[in-house]
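The values are calculated or read from the model by the stated rules, or taken from the named source; none is laboratory data. All values reported here derive from a predicted model rather than from experimental measurement. In this analysis, Cβ positions are derived from the backbone assuming ideal geometry, glycine residues included, and neighbour counts consider all displayed protein chains. Side chains included, ligands, DNA and RNA excluded: accessible areas come from the protein's heavy atoms. Shrake-Rupley method; radii C 1.70, N 1.55, O 1.52, S 1.80 Å.
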Amino acid sequence: MYEQFARFYDELGWSQYAAGVWDRLNKYLDSIGFKPRSLLDLACGTGILTIKAAQHGVETHGLDISEAMLEKAEYNAMQANIEVSYMCGDMSHFCMNRHYDIITCTFDAINHLLAYDDWEDTFRCALAHLDDNGLFLFDMNTVKDLSENWDNIHVRKDANGNYVISKSIAFRDKASAAVTFTAFVQRGEGLFDGYEETVTEVTFPINKVVASLYEIGFADVSVKNDMFEDVADPEQLDRSFIICWKTKAR
């Protein structure tokens with residue numbers, strides 16, 4: 001799964017999202033006086049968030065269902081001279097035999113789970129693996145985003161001469177959407193490597209997600225924007241960040 005993504009993910013700049021999330025998250029954690037010693041990143045992809053966290057002295061593990069992604073993550077960690085432990089597994093059904101101060105799941109990875117039962121199973125697994133004062137953070141594309149922003153065709157050329165064509169279609173009655181990425185990565189002398197992969201996402205109303213998190217056992221749940229700020233109406237965001245504390249928030 002996601003083998004084509006793994007080949008070109010970093011080259012096409014998608015890893016920059018994870019790096020930016022860690023930078024903003026780290027500032028937010030500093031602002032509330034939370035200093036995590038250990039982190040588990042679910043759907044860790046090519047490992048950029050785990051590497052950034054490890055560079056800040058956090059003991060870091062990553063889990064992903066794609067062996068190809070994990071191979072790239074291990075390579076990236078080696079290149080950064082950083083020790084990170086990676087494991088292949090399903091984020092909705094995993095057992096790490098330990099607890100963490102913080103568990104993350106970003107870049108709308110939760111939206112790739114097409115059944116709501118799998119969302120809830122992911123929440124249960126995260127809760128079971130958190131320390132008593134631990135934090136689970138994930139982001140999700142909203143109903144507004146999949147309805148309004150996933151019916152289009154985009155062609156992008158980056159500074160290195162690589163091309164990405166994205167063709168998306170929204171299924172509004174099902175709060176789902178699919179996007180096909182076609183990429184051409186320049187190899188010199190007018191030659192390109194090409195790949196194509198289709199991803200389907202589903203989403204659910206934020207109030208339903210928050211209610212599930214409380215029912216599963218989280219003591220404090222808040223919804224924020226991508227700068228980790230409170231917002232009056234989270235459903236008007238394209239992407240929401242959900243912050244879940246195992247015990248009452250500090």
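Among the residues examined, MET87 qualifies as in contact with a Gly (Cβ under 9 Å, 6 or more places away or on another chain), open to solvent by 30 Å² or more (accessible area, probe 1.4 Å), farther than 17 Å from LEU135 by Cα and among the aliphatic types (A, V, I, L, M). Restricting ILE32, ILE51 to residues that are of a type in the set (A, V, I, L, M, F, W, C) and surrounded by 16 or more Cβ atoms within 10 Å (Cβ to Cβ) narrows the list to ILE51. The single condition among (1) modelled with pLDDT under 95; (2) open to solvent by 30 Å² or more (accessible area, probe 1.4 Å); (3) among the small types (Gly, Ala, Ser); (4) in contact with a helix residue (DSSP H, G or I) (Cβ under 6 Å, 6 or more places away or on another chain) that ALA68 does not satisfy is (2). The C-beta contact set for the range 128-139 (first residue free of Cβ contacts under 8 Å to residues at least 40 places away in the same chain, second residue open to solvent by 10 Å² or more (accessible area, probe 1.4 Å), distance under 9 angstrom, 6+ apart or interchain) comprises ALA128/CYS95; ALA128/HIS99.
Output yes when any residue across the range 224-237 is assigned to a helix (DSSP H, G or I), within 22 Å of CYS125 (Cβ to Cβ), modelled with pLDDT of 95 or more and open to solvent by 40 Å² or more (accessible area, probe 1.4 Å), and no when none is. No, because not a single residue in the range 224-237 is assigned to a helix (DSSP H, G or I), within 22 Å of CYS125 (Cβ to Cβ), modelled with pLDDT of 95 or more and open to solvent by 40 Å² or more (accessible area, probe 1.4 Å).
If you go through the range 71-84 and keep only what is at negative phi and open to solvent by 20 Å² or more (accessible area, probe 1.4 Å), you end up with GLU71, LYS72, GLU74, TYR75, ASN76, MET78, GLN79, ALA80, ILE82, GLU83, VAL84. As a summary of the residue check, THR106 satisfies the conditions (1) more than 18 Å from TRP22 (Cα to Cα); (2) in contact (Cβ under 8 Å) with a residue 24 or more places away in the chain except for the one numbered (1).
Condition first: part of a strand (DSSP E or B) and more than 18 Å from the chain's Cα centre (by Cα). Now tell me which residues in the range 131-159 satisfy that. Within the range 131-159, ASP131, ASP132, ASN133, GLY134, ASN152, ILE153, HIS154, VAL155, ARG156, LYS157 meet the criteria.
Which one of these is touching a residue at least 12 places away in the same chain (Cβ under 8 Å) and in contact with a helix residue (DSSP H, G or I) (Cβ under 7 Å, 6 or more places away or on another chain): SER38, SER15? Testing whether each residue is touching a residue at least 12 places away in the same chain (Cβ under 8 Å) and in contact with a helix residue (DSSP H, G or I) (Cβ under 7 Å, 6 or more places away or on another chain) leaves just SER15. Sort out which residues of the range 98-131 are open to solvent by 50 Å² or more (accessible area, probe 1.4 Å) and either modelled with pLDDT under 95 or not acidic (Asp, Glu) (or both), and write them in order of number. Within the range 98-131, ARG98, HIS99, PHE107, HIS112, LEU114, ARG124, ALA128 meet the criteria.
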